[in-house]
Every structure is written in C-alpha cells, then in structure tokens.
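> First the structure, then my questions, so here it is.
The values are calculated or read from the model by the stated rules, or taken from the named source; none is laboratory data. Computed from a prediction, not measured in an experiment: that's the story for all the values here. Positions of Cβ are generated from backbone atoms using ideal geometry, with glycine treated the same way; all protein chains shown enter the neighbour counts. Surface areas here come from the heavy atoms of the whole protein model, side chains and all, with no ligands, DNA or RNA. Shrake-Rupley method; radii C 1.70, N 1.55, O 1.52, S 1.80 Å.
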Amino acid sequence: MARNIQSLERAAAMLRLLAGGERRLGLSDIASSLGLAKGTAHGILRTLQQEGFVEQDEASGRYQLGAELLRLGTTYLDVHELRARALVWTDDLARSSGESVHLGVLHQQGVLIVHHVFRPDDSRQVLEIGAMQPLHSTALGKVLSAYDPVAHSEALEADRKAFTDRTVCDLDDFEQLLDITRARGYAADVEETWEGVASIAAPIHDRRRMPVGAVGITGAVERLCRSDDEGALRPELIAAVRDCARAVSRDLGAGRF
C-alpha cells in the first residue's frame, strides 16, 4: 500500500486548523496545536503562503487562509451556501437593473468577490470572482463595515487609501458614512473607488441574523445616478438591490427584514 506524504498531511492539517476556531493564529499556536517544531511549521506555512493558500497579517504576524483557495475553481463556490442561495436572485437583479452584480464576503481586511453576474448586454467583461475590493470605499465594503463588527474593526485598522478625490479616508467621516449606511439599509459608492463608476450594495444575513455578506450592482455613473437630482442614485435601483439582499437572507433562514 502506498505511503502518505507526510508534508502534505501536515499542510492539510494546517489548512483545517486555520479554517476553524480563531480567525488568525500565530506560529507558536499552529506548531503547538499540530505537535510540530516551530521550524517545521514555519517552512510549511512559508510554502503555503507562497502559493497563496495562507496569508500573513503584517501587523500581528498571524496567519489565516488565503484567497487562492477560492481561485482554484468554482467547485467549492458551487457548494458554498451563500453563493448557492444567491444564484437565482443575483441573476434576477442583473436582468432587472441591467448592471453587473457582485456578491462579496469579508476576507483579509477587504471584500472577496465570490460571485459575479455579468451585465446583460453584449459588452466585453472580465469575470471578477476571486478579486478583492477595499472595505472603506466600495459599497460592498461599507455595508460589511457597517453591519459586521469584525469588518468594522478591520476597516478602521486598514490603510484607507484615497483612490479618487471623493474617497472618504478620515476616520470620523468614515464612521458617519457607516451610521448613514445602517440607518438607510444600503451603501453607495459614487466615484469613490473608480472614476465614472458607481455602485449600490445591501447586507445579507443568515438564520442567526448575523451579517454573512453583501450584494450589490456596479455600473457607469450616468446609468446608476439621476441626471436631474445632483447625481442622486436612482431609487428603483436601490430598491432592487435591497429586495435581492432580503430575498437571499430569507433563503438563508433570516426571516423578514
């Protein structure tokens, strides 16, 4: 009978360890939990990090799962409950709004796109599953920061970079934006991340009524904003995004919101 490869077994054990319990673990914690010498554990972690399967927080030195695990393909995503529950509703949102739809979750001080529905026209578009978006400037990121305490903390700790003249970087101003987001139930990004691009997003909750992700639409400012009201977002698009988020939440067992 063929023998198992010990280094692969140890790497798999590390990934399982990082997938459960604490969000981030230090080298000593990982080595101790798996009964490994620190040097051995560090070597495996370094290899996993180089391949993108593990990421290290620069500030704390702790490790967590990397986005490459999602970029391997869509097999995992097809069985991911959030994405599975959102498939029909996001397709409907793309058709009704005429815009591209993104489903995002918190990951590594940012938003990881786990599902992307193309804008329903003949334009050339790039699939963005596995892409990362910032927490502080995008609509998806602001929704997560407003409703998820962990995302909120990470948004405050992150470098709030100015992508355009409209990006809100000041801490007090950013907190006010999150208050507004919670009060109205959705977030907006009008040229805060990309010039000429706007987005609208709303939170998705699970059966425990905990925030588990966000869904939103993205498109040209002239399509998402009203030309007769100083660039205000079109209310029918806001309603469509919120309806989609509520529908996915209900399918996840959250009940009525």
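> Per residue, how much accessible area does the range 149-257 show when a 1.4 Å probe rolls over the protein heavy atoms, in square angstrom?
Accessible area per residue: 51 Å².
> Can you work out the FRET efficiency for the pair R16 and L171, with r the C-beta to C-beta distance and R0 = 30 Å, to the nearest 0.05? Intermediate values should be presented prior to the final figure.
On the way: r = 37 Å, r/R0 = 1.24.
With R0 = 30 Å, the Cβ-Cβ based efficiency is 0.20.
> In addition: Give the distance, in whole Å, between the Cα centre of the range 129-145 and the Cα centre of the range 31-72.
24
> Moving on. Angle check, please: helix 235-251 long axis (alpha carbons) against the longest principal axis of the chain (alpha carbons), in degrees 0 to 90, nearest 10.
40
> Counting each DSSP H run of 4 or more residues in the chain as -39500 (n - 2.57), what helix-only mean residue ellipticity at 222 nm follows after dividing by all residues, to the nearest 500 deg cm²/dmol? The partial results should precede the final answer.
Details: 11 runs with 114 residues, N = 257.
So the calculated ellipticity at 222 nm is -13000 deg cm²/dmol.
> Here is a follow-up. By how many nm would the segment from D179 to T40 lengthen if fully extended, with 0.36 nm per residue of separation less the alpha-carbon distance? Spell out each step's value before the answer.
Working: separation 139, 0.36 × 139 = 50.04 nm, distance 4.64 nm.
Result for the pair: 45.4 nm of gain on full extension.
> Sticking with this one: Tell me the carbon and sulfur percent of the accessible area for the range 6-74, rounded to whole percent, probe radius 1.4 Å.
Details: 1900 of 3960 Å².
Summing carbon and sulfur atoms, their accessible area is 48 percent of the total for the range 6-74.
> How far apart, in nanometres, would the label points at A162 and D29 be if each is projected 7 angstrom from Cα along the Cα-to-Cβ direction?
3.6
> Sticking with this structure for a sec: In a GNM of the chain with a 10 Å cut-off on Cα contacts, which of L87, L18, L36 has the highest mean-square fluctuation?
Comparing L87, L18, L36 in the GNM, the peak value goes to L36.
> For a test of the definition: using alpha carbon positions, the gyration tensor, and the 1.5 limit on a/c, classify the range 135-257 as rounded, prolate or oblate.
On the way: a/c = 2.21, a/b = 1.17, b/c = 1.88.
Since a/c reaches 1.5 but b/c is at least a/b, the shape of the range 135-257 is classed as oblate.
> Something else now. Round to the nearest 10 and give me the degree value, 0 to 90, for the angle of helix 171-184's Cα axis relative to the longest principal axis of the chain.
That helix lies at roughly 70 degrees to the long axis.
> Another question, if that's okay. Take the chain, mark every one of the trypsin sites (Lys or Arg not before Pro) that falls in a DSSP loop and has at most 15 other Cβ within 10 Å, then report the longest stretch left between them, sites excluded.
On the way: sites that count: R3, R23, R124, K161, R166, R207, R208, R209, R226, R256.
Excluding the exposed sites themselves, the longest stretch runs over 24-123.
> What's the magnitude of the charge dipole for the chain around its Cα centre, counting Lys and Arg as +1 and Asp and Glu as -1 at the beta-carbon? Answer in Debye, nearest 20. Walk me through the numbers before you get to the answer.
Details: 30 positive and 38 negative charges, 249 e Å.
Magnitude of the dipole: close to 1200 debye.
> Measure nothing but the geometry: give the 0 to 90° angle between the long axis through the Cα atoms of 6-19 and the longest principal axis through the Cα atoms of the chain, rounded to 10°.
40
> For the range 37-152, what's the relative contact order in percent, using C-alpha pairs closer than 8 Å and at least 6 residues apart?
On the way: 144 pairs, mean separation 17.8, N = 116.
It comes to 15 percent, rounded to a whole number.
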